[in-house]
Amino acid sequence: MPKPTFSTDNTAFVLQTQGLAGGPGPDPLWVGLNLNIPAGLTAVTGDEGMGKTSLLRLLGGDLPAQAGTRSTAHAVWLNLALPEHDKATPEQLWAELQKQCPHWSAALQADLVEALSLQAHLGKKLFMLSTGSRRKVGLVALLACGATLTCLDQPYVSLDQASIQVVRDFLNDMANHPSRAWLVADYEADPALDWCSRIDLG
């Protein structure tokens, strides 16, 4: 099992876990996790197969904990490939997710649609979209959801450079937020982001 190392310069913790265990299968990938997730941006880094996605799903509430505790927080994780939503349009998907997100920002959603050049795709079903456009639809949901803890799993995959910059600018604008946190998983921490903490899975 990978052993995460954790470092932070921030003491305002959004999510805390004690002895947390869980994973995608019957045998927990993660056991005895004691983590303090601060407000701001936290990088979750590691090679392929080190458990980045499973950790985000566990902390984001997509995977149930098999043991341990975690402080309550409105946490959201979303598979940006949106594999279960082929027949939905972007607006149908957002409307469905908005029901679970009381702090969803419709204004931010509209701004992101324009910034990510999704206007021409709003009436299309997701199976008709390219991989990059489909992931942009998922990113709009995650960035507009207003969750206390938002989990972004390799957010730059299949995006054009202009869209990557949109995501970077948004995250850096949120870097000093006093009460919300963003976990961003990738092979390496993006040097263009203003990180407040890192979880290195080795």
*Restricting attention to segment 163-202, report how many residues are part of a loop (DSSP other than H, G, I, E, B) and either touching a residue at least 40 places away in the same chain (Cβ under 8 Å) or within 14 Å of Gly146 (Cα to Cα) (or both).*
16
*Please give the number of the condition Phe6 fails out of (1) part of a strand (DSSP E or B); (2) touching a Lys or Arg at 6+ places or on another chain (Cβ under 8 Å); (3) at pLDDT 95 or above; (4) not aliphatic (A, V, I, L, M).*
(3)
_Members of segment 10-28 that are part of a loop (DSSP other than H, G, I, E, B) and buried (at least 18 other Cβ atoms within 10 Å of the Cβ)_ = Asn10, Gly23, Pro28
*Do any helices (runs of 4 or more DSSP H) entirely within segment 31-129 hold 1 or more residues that are under 13 Å from Leu139 (Cα atoms) and free of Cβ contacts under 8 Å to residues at least 60 places away in the same chain, and if so, which?*
90-98, 106-115
*Inspect segment 136-146 for any residue being part of a loop (DSSP other than H, G, I, E, B), open to solvent by 70 Å² or more (accessible area, probe 1.4 Å) and either basic (Lys, Arg) or out of contact with any Asp or Glu (no Cβ under 9 Å at 6 or more places or on another chain) (or both) and give the result as yes or no.*
no
*When Thr69 is evaluated against the numbered criteria (1) under 18 Å from Leu20 (Cβ atoms); (2) open to solvent by 40 Å² or more (accessible area, probe 1.4 Å); (3) at pLDDT 95 or above, which criterion, by number, is the only one it fails?*
(3)
*Can Asn176 be described as surrounded by fewer than 22 Cβ atoms within 10 Å (Cβ to Cβ), out of contact with any strand residue (DSSP E or B) (no Cβ under 6 Å at 6 or more places or on another chain) and modelled with pLDDT under 95?*
yes
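The values are calculated or read from the model by the stated rules, or taken from the named source; none is laboratory data. Predicted model, so just to flag it, every value in this text is computed and none were measured. Don't worry about glycine lacking a Cβ; one is built from the backbone with ideal geometry, like all the others, and counts go over all protein chains shown. All accessible areas refer to the heavy atoms of the entire protein, side chains included, with ligands and DNA or RNA removed. Shrake-Rupley method; radii C 1.70, N 1.55, O 1.52, S 1.80 Å.
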